[in-house]
Amino acid sequence: MQILVIEDDADTAALIADALAAEGHSVARTADGAAGLAQAETGRFDVVIVDRMLPRLDGLSLVKRLRGSGRACPVLFLTNLGGLDDRVEGLNAGGDDYLVKPFAVTELLARVHALARRLSAPETVLRVGGLELDLIRRTATRDGRAIDLQPREFKLLECLMRHAGRVVTRTMLLEMVWDFHFDPKTNIVETHVSRLRAKIDREFEIDLIHTVRGAGYSLRAPR
Amino acid sequence: MRRASVFRTTAFRLTALYVAGFAASVAALGIVIYLVTSATLSRQLDTRIGSEMQSLQTAYRSGGKAGLTNAVGVDEHAHANGALDFAVLENGKRIAGYLRRWPDPAGWSVLPYPEPDGDVGVRRFLRAELGNGLSVVVGADPEQVEEVKEAILDGFLSAFGAVVVLGIAGGIALSLVLLRRVEAIRRTAEAIIAGDLTRRIPLRGTGDDFDRLSETLNRMLDRIRELMDSLREVSANIAHDLKTPLARLRQRLEAAQSEAEPARAASLHAALGQVDDILGTFSALLRIAQIEAGTRRAGFADVDLSDMFATVTDAFAPAAEDAGKTLTAQIEPGIRIAGDRELLTQMLANLVENAIRHTGPGTAIGLGLCADKSGIAGFVADSGPGVPAAERERIFHRFHRLADSAAVPGSGLGLSLVKAVADLHGIAILVADAQPGLRIELQFPAGAGAGATVKKPGN
């Protein structure tokens with residue numbers, strides 16, 4: 001993927017660029033808001049990562065102008081710790097996701113992949129291995145056997161399947177499944193995933209849901 | 001500090017203004033009385049002269065020249081009383097009376113007059129021609145009128161002077177008294193600015209307006225001191241609560257330096273977790289501060305409270321179950337309020353987490369939401385150990401943790417955030433005894449219910 005990083009803090013920018021490059025993406029970097037907008041407007045990038053605070057042109061204005069010029073490329077905002085209104089403001093300005101600094105690199109990578117996937121056409125039936133999730137009829141089957149899921153488990157499985165083969169972090173699941181934008185001290189994601197596993201994997205030989213230590217979960221079919 | 005001057009005080013300026021106005025009134029009154037009195041007295045003198053002239057003319061008409069000179073002669077004694085003087089003239093020569101000077105034309109006139117003692121005074125004359133070369137002149141000394149006029153003038157000048165002098169003296173006295181009271185307040189304020197927050201304005205105990213003002217200011221100072229103390233306490237707690245995990249983190253990292261793989265990787269992983277905890281504490285503090293600033297209220301929207309309660313129950317039930325507890329809810333559907341869904345969710349989640357974390361296995365945790373005529377009420381109750389009555393108010397303070405909860409990990413900020421969100425939404429929190437256990441009731445503000453709060457988009 002072609003990724004543009006607009007971040008004025010050299011350390012953070014280097015960290016992001018190195019991590020993305022290590023995954024095989026090609027990364028362009030700029031520390032200046034106005035220059036960043038000019039680059040983003042070329043339309044060459046699959047994902048744009050924008051810091052809120054930038055010299056010459058702040059992140060919010062940058063994204064508003066980018067959207068004003070008709071560019072629909074996914075935008076990930078980086079915001080500072082504790083900015084209560086940052087998420088809402090960022091989404092209102094036309095951002096697609098936000099990440100609070102400081103963040104774990106795995107979290108950033110997972111979100112960048114999730115954003116890139118958002119562009120693909122919406123599917124009505126998700127399939128991974130023998131697992132099939134019908135989003136219209138709200139049914140789940142594995143190897144032809146019907147699996148009875150609670151509404152929240154269905155949503156959780158949908159999120160994992162949409163990003164199949166990729167890491168979905170705990171924070172992402174909290175946001176997508178429960179709309180929780182804070183960090184609960186209780187391991188609610190773990191307990192729900194464990195219940196989902198009991199239904200999806202327990203009676204089958206091969207596990208589809210994998211725990212990625214220190215990051216989150218990944219649903220993938222065996223290679 | 002500029003020394004306060006008596007003449008620059010408000011009291012003195014107001015008094016001076018008042019005295020100036022009052023003195024001007026005295027002067028105006030004096031001028032009016034002076035003018036009216038002098039006019040009246042002059043008229044009275046003229047009336048006397050006129051009636052004397054009439055009686056002389058009557059005497060002439062009835063007794064001729066002899067009658068006239070006789071009448072003038074009779075009236076010679078009157079002169080001793082300093083009242084009127086007369087002259088009867090025949091062809092310009094005085095043939096009777098004592099007037100030493102008289103006007104030539106007939107009618108009223110005023111002329112200088114040589115007094116018997118050699119001074120030059122003034123006389124008011126009335127001269128009438130009787131025919132046959134005879135004239136009669138009546139002259140009056142207006143000195144009495146002048147004396148009365150002077151007396152009035154003197155009286156009012158003295159009064160004017162007294163008003164000004166007493167007014168200024170009163171102004172100075174009043175200013176000194178008020179200045180002393182104001183100075184007392186000012187000195188207290190200066191002492192507080194200099195850092196002595198314990199200083200209070202002395203009261204006189206008379207209950208006057210200054211005392212009441214001072215009392216209010218003293219109460220304000222008490223409140224400020226309370227807030228400062230709690231701020232100090234919070235700062236100290238923050239420093240303490242962050243110092244401990246940072247010290248532990250440092251130890252761990254130092255140990256990791258000399259460790260070999262894979263122990264080193266495990267240590268680093270644990271260190272990262274500790275850093276995240278510290279960041280979480282900072283994040284919570286910042287969040288509470290931002291919620292308390294109240295700017296978030298602008299973003300209030302229609303929130304389905306019933307749905308939110310159900311989501312939280314659903315999210316936490318498996319975790320409670322795994323910890324050997326039960327989480328059940330009784331939620332009346334369709335209850336909505338105007339609020340911030342994100343913050344309300346976190347508020348309820350914190351209350352539920354608190355109930356899960358601070359109770360033992362086998363605890364029943366209940367969640368409820370209902371609406372009736374008295375309003376919308378929610379609760380989170382558990383059958384755990386509860387909170388001693390004396391501690392119930394303090395559990396919402398930042399970093400406050402019950403003495404026996406030290407073993408349970410946590411930042412001590414969860415309930416502070418609950419309080420901040422509740423305050424933002426006007427929700428009253430009641431901490432009650434669930435017998436056994438803790439019951440936290442949320443009383444939503446009146447008028448927050450469905451219908452009344454549904455915002456139209458764009459509003």
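Odds and ends about this structure:
- Under-5 Å amide H pairs with B:ILE95, H placed in peptide plane, nonlocal only: B:VAL88, B:LEU89, B:GLU90
- For the protein assembly as shown, the calculated P(r), taken from all Cα-Cα distances in 10 Å bins from zero up to the bin holding the longest distance, is 2, 10, 14, 15, 12, 7, 5, 5, 4, 4, 5, 5, 5, 4, 2, 1, 0 percent.
- Where labels lie 7 Å past Cα in the beta-carbon direction, separation of A:GLU23 and B:ILE31 in nm: 9.6 nm
- FRET efficiency estimate (nearest 0.05) - Cβ-Cβ, B:SER5 to B:ALA236, R0 41 angstrom: 0.35
- Projected label distance in nm at B:ILE185 and B:LEU17, using a 7 Å step from Cα toward the beta-carbon: 1.8 nm
- Förster radius 56 Å - calculated FRET efficiency between A:ARG56 and A:ASP148, Cβ distance, rounded to 0.05: 0.50
- Equivalent ellipsoid semi-axes, chain B, via Cα gyration tensor eigenvalues times 5, rooted, Å: 109, 28, 17
- Ranking of B:PHE309, B:PHE444 by count of other Cβ atoms within 10 Å, fewest first: B:PHE444, B:PHE309
- Rounded to 10°, Cα long-axis angle of helix A:59-68 versus longest principal axis of chain A: 80 degrees
- The Kirkwood radius of the stretch A:125-219, taken over pairs of alpha-carbon atoms, gives through the Stokes-Einstein law at 20 °C and 1.002 mPa s a diffusion coefficient of 159 µm² s⁻¹.
- Kyte-Doolittle mean at least -0.5, axial Cα span of 20 Å or more - DSSP H helices of chain B: B:10-74, B:143-193, B:263-293, B:305-322, B:341-357
- Legend: mean number of C-beta atoms from other chains within 10 angstrom of residue C-beta atoms, peptide B:351-364, equals 1.
- Ordered by the count of other Cβ atoms within 10 Å of each Cβ, fewest first, B:HIS269, A:HIS113 give B:HIS269, A:HIS113.
- Theoretical FRET efficiency, 1/(1+(r/R0)^6), r = Cβ-Cβ of B:ALA428 and A:LYS101, R0 56 Å, to 0.05: 0.95
- Rounded to two decimals, the Cα radius of gyration of the stretch A:2-118 over 2.2 N^0.38 Å is 0.93.
- Between A:GLU190 and A:LEU135, the modelled label-to-label distance comes to 3.1 nm, taking each label 7 Å out from Cα in the direction of the beta carbon.
- At most 15 other Cβ within 10 Å, DSSP loop - GluC sites (Glu not before Pro), the stretch B:240-294: B:GLU259
- For the stretch B:124-219, the Kirkwood hydrodynamic radius from C-alpha pairs, put into Stokes-Einstein at 20 °C and a viscosity of 1.002 mPa s, yields a diffusion coefficient of 108 µm² per second.
- Peptide A:173-182, shielding by other chains (average Cβ, 10 Å cutoff): 4
- Degrees, to the nearest 10: A:151-162 long Cα axis against longest axis of chain A: 60 degrees
- The trypsin sites (Lys or Arg not before Pro) of the stretch A:18-103 meeting both criteria, a DSSP state outside H, G, I, E and B (loop) and at most 15 other C-beta atoms within 10 angstrom of the site's C-beta, are A:ARG44, A:ARG56.
- Dimensions in Å of the stretch B:209-292 - Rg and Dmax from alpha carbons: 22.0, 78
- Values of log10 I(q)/I(0) for the stretch B:3-69 across q = 0.11, 0.12, 0.15, 0.16 Å⁻¹ run -0.56, -0.60, -0.71, -0.74, by the Debye formula with one identical scatterer at each alpha carbon and no solvent.
- Peptide B:310-323 - average C-beta neighbours from other chains (10 Å radius): 5
- 10 Å Cβ shell holding at most 13 others, DSSP loop, trypsin sites (Lys or Arg not before Pro): longest site-free stretch of chain B: B:4-203
- Once divided by 2.2 N^0.38 Å, the Cα radius of gyration of the stretch A:82-171 becomes 1.29.
- A full extension of the chain between B:ASP302 and B:ARG100 corresponds to an added length of 61.4 nm, given 0.36 nm per residue minus the alpha carbon distance.
- In degrees, nearest ten, helix A:10-22 long axis to first principal axis of chain A (Cα): 40 degrees
- Taking the number of Cβ atoms within 10 Å of each Cβ as an exposure proxy, the fewest-first ranking of A:MET172, A:MET1 is A:MET1, A:MET172.
- If the chain linking B:LEU111 and B:ARG357 were pulled fully straight, counting 0.36 nm for each residue of separation and taking away their Cα-Cα distance, it would gain 76.7 nm.
- Volume per residue of the C-alpha convex hull in chain A, rounded to whole Å³: 131 Å³
Rule-based calculations on the coordinates, nothing more; no lab input. The model shown is predicted, which means the values in this text are computed figures rather than measured ones. Cβ sites come from the backbone with ideal geometry, for glycine too, and all protein chains shown count toward neighbours.
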